[in-house]
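Below is one structure, written out as structure tokens, with a few remarks after it.
Every number here is computed from the coordinates shown, using simple stated rules; none is lab data. This structure is a prediction, so every number in the text was calculated from the model and none was measured. In this analysis, Cβ positions are derived from the backbone assuming ideal geometry, glycine residues included, and neighbour counts consider all displayed protein chains.
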Amino acid sequence: MPFHHQRAVGNTLRGCATLSTSRDPIILVLSGPGGVGKGTIVQALVKRDPQLWLSRSWTTRDRRENEDPNAYVFVSREDFQDRIAANGFLEWTSFLGNYYGTPSPEPVAGNDIVLEIEVDGAQQVKTSHPDAVLVFVLPPSRLEQQRRLRGRGDPEQKVEERLRKAEEEEPVGIAIADHVVVNDDLELTLQELLRVLHHERNRRTTR
Ligand code: ADP
Ligand code: 5GP
């Protein structure tokens, strides 16, 4: 298992030996249709939970105007294919004409991992790591999803493409998910995801 690390869980009493246990990192996988708020959610999650390490994906798509240059590693198709050949991805897929992939993770020891990826990749991760926790995020409505995509500045053709794609992604995403969350109020969504994480941590350190 490549992501195994040692974690000290408590040595607070003077004179006590360090109580140490080991567990594999939790792999939290967030998926959902375009514009539902995945990027916003994972950025907020890693700010609130210093134990969470956010994987940075590779993509061959162009950077959006106003998009953070660090949102992805933006690469050519050739560089992406070279990395596939070198077995350098945990998972990868082709989505709306571009490649997207998660480089084999190298988290800081003791951290858990969060991936923000589409459903085909989520399924691949679940197959290779059955302990991964899959969360599928839904918009409150298609209209609100459209509003968010437009509000982000997506061109109309991309908005339509992502709305159509959502019809295809949602039934699959819901079927494979361990948890389904409707991202209506962002704060409530974050609280729900932090609860899922804490529950997983407790479950894995006590079993
Ligand atoms: P995704 O990564 O799923 O494509 P983004 O994180 O880019 O989506 O969010 C799309 C837009 O929706 C952004 O403008 C973001 O600020 C906004 N947004 C995210 N979550 C919410 C929410 N709960 N309520 C209202 N707007 C939101
Ligand atoms: P966008 O172009 O909107 O940034 O992303 C398009 C889709 O690709 C989203 O559903 C996003 O979650 C997904 N995605 C981003 N990175 C990866 C990745 O590394 N692997 C996979 N499989 N999907 C990804």
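The table that follows gives values for the structure above.
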item	result
Radius of gyration and Dmax over the Cα atoms of the range 112-171, both given in Å	13.8, 39
Eligible aspartates and glutamates near residue 126 by straight Cα distance, threshold 12 Å, same-chain separation 8 or greater	91, 178
Helix 142-151 axis, angle to the chain major axis (alpha carbon atoms, nearest 10°)	90 degrees
The chain - Kirkwood radius from inverse mean 1/r over Cα pairs (Å)	18.2 Å
Length gained when the stretch residue 178-residue 61 is fully extended (0.36 nm per residue, less Cα-Cα span)	39.2 nm
Nearest 10 degrees, 0 to 90: helix 119-128 Cα axis against the chain principal axis	30 degrees
The chain: most fluctuating residue of 110, 173, 32 per GNM, C-alpha cutoff 10 Å	110
Nearest-20 debye value, the chain charge dipole, Cβ charges on Lys, Arg, Asp, Glu	720 debye
Of 113, 172, 202, farthest towards positive along the dipole that unit charges on Lys, Arg, Asp, Glu beta carbons give the range 28-206	202
Options 193, 182, 157, ranked by Cα towards positive dipole end of the range 142-207, top entry (Cβ charges)	193
